[in-house]
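K.L.:
This structure is in structure tokens; I'll ask about it shortly.
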Amino acid sequence: MSKSHQRAIELLSERTALGTWHRRWLYAALAFAWATGALWVFAHFALGTGPEGERHPLEAWALRLHGAGAFAFLLALGSMFAQHIPRAWYLRRNVASGAGALVVAAFLVATGYALYYFAVDEAHAVVSTLHWGVGLAAAALLPLHVALGRRARPRPPA
């Protein structure tokens, strides 16, 4: 067997999947950020305001927890740039859904940053709606990315 053929077989058998602890950390961070974001949406829209226009206390707590979840997610996302993302890109595995997930993550990071530091009055409502709308819908991206990756994973020849 030639060296190039042997290297091709090795590349086919290389895994791009995350390790167990890395995967659990990422899933936990994503689940926590999503759940606290959904909790904020519930508190903001379903619990409404008090008689003097004050917000329900759960809204502020949900937002604080959501910020913590966002930091945990950013750490998990950054750690994937060490091996998972470059390896999958090099092997041309699951590139479309991975790139889509990165674009959505970048959008959520940018809009979250804007909400905290820049958005004022009228713009705040628009940016907020875009952030929570995309954020809630993004829950489908990870299962889709994983399913596509498992389906497309090449099997080494026997």
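K.L.:
Could you give the longest part of the chain that holds none of the GluC sites (Glu not before Pro) found in DSSP loops with at most 11 neighbouring Cβ atoms within 10 Å?
P.N.:
Values: sites that count: 52, 54.
Value returned for the longest uninterrupted segment is 55-158.
K.L.:
Per residue, what accessible area does the chain have, given a 1.4 Å probe and all protein chains present, in Å²?
P.N.:
Working: 10600 Å² over 158 residues.
Averaged over the residues of the chain, the accessible area is 67 Å².
K.L.:
Given the -39500 (n - 2.57) contribution per DSSP H run of 4+ residues, what per-residue ellipticity at 222 nm results for the chain, rounded to the nearest 500 deg cm²/dmol?
P.N.:
Numbers: 7 runs with 118 residues, N = 158.
About -25000 deg cm²/dmol.
K.L.:
For the pair residue 106 and residue 49, how long in nm is the line joining their label points, each one 7 Å along Cα→Cβ?
P.N.:
Result: 3.7 nm between the two label points.
K.L.:
Name the shape class, rounded, prolate or oblate, that the alpha-carbon gyration tensor gives for the chain, where a ≥ b ≥ c are the square roots of its eigenvalues, rounded holds for a/c under 1.5, and otherwise prolate holds if a/b is larger than b/c and oblate otherwise.
P.N.:
Working: a/c = 3.28, a/b = 2.87, b/c = 1.14.
Judged from the Cα gyration tensor, the chain comes out prolate (a/c at least 1.5, a/b above b/c).
K.L.:
Now, a different point. Take every Cα pair under 8 Å in the range 23-83 that's 6+ residues apart, average their separations, divide by the length, and report that relative contact order as a whole percent. Mind dumping the intermediate values first?
P.N.:
Details: 48 pairs, mean separation 27.9, N = 61.
Normalised by residue count, the contact order of the range 23-83 is 46 percent.
K.L.:
While we're here: Calculate what fraction, in whole %, of the accessible area of the range 1-127 sits on carbon and sulfur atoms when a 1.4 Å probe is rolled over the protein chains. Each step should come with its number before you reach the end.
P.N.:
On the way: 5860 of 8510 Å².
About 69 percent, which is the carbon plus sulfur part of the accessible surface.
K.L.:
Could you give the length gained on full extension between residue 79 and residue 120, defined as 0.36 nm per residue of separation minus the Cα-Cα distance, in nm?
P.N.:
Going from the current span to full extension adds 11.5 nm.
K.L.:
Please sort through the DSSP H helices of the chain and keep those with an alpha-carbon extent of at least 18 Å along the long axis and a Kyte-Doolittle average not below 1.0.
P.N.:
Numbers: long enough: 20-42 (32 Å, 0.57); 57-80 (35 Å, 1.06); 95-117 (32 Å, 1.61); 121-137 (24 Å, 0.53).
Qualifying helices, which must be both long enough and hydrophobic enough, are 57-80, 95-117.
K.L.:
DSSP loop (so not H, G, I, E, B), at most 16 other Cβ within 10 Å: list which trypsin sites (Lys or Arg not before Pro) in the range 89-158 pass both filters. Don't jump to the answer; show the numbers that get you there.
P.N.:
Values: sites: 92, 93, 150, 151; in loops: 92, 93.
Loop-located and lightly packed - 92.
The values are calculated or read from the model by the stated rules, or taken from the named source; none is laboratory data. This structure is a prediction, so every number in the text was calculated from the model and none was measured. Don't worry about glycine lacking a Cβ; one is built from the backbone with ideal geometry, like all the others, and counts go over all protein chains shown. Accessible surface areas use protein heavy atoms only, side chains included; no ligands, DNA or RNA. Shrake-Rupley method; radii C 1.70, N 1.55, O 1.52, S 1.80 Å.
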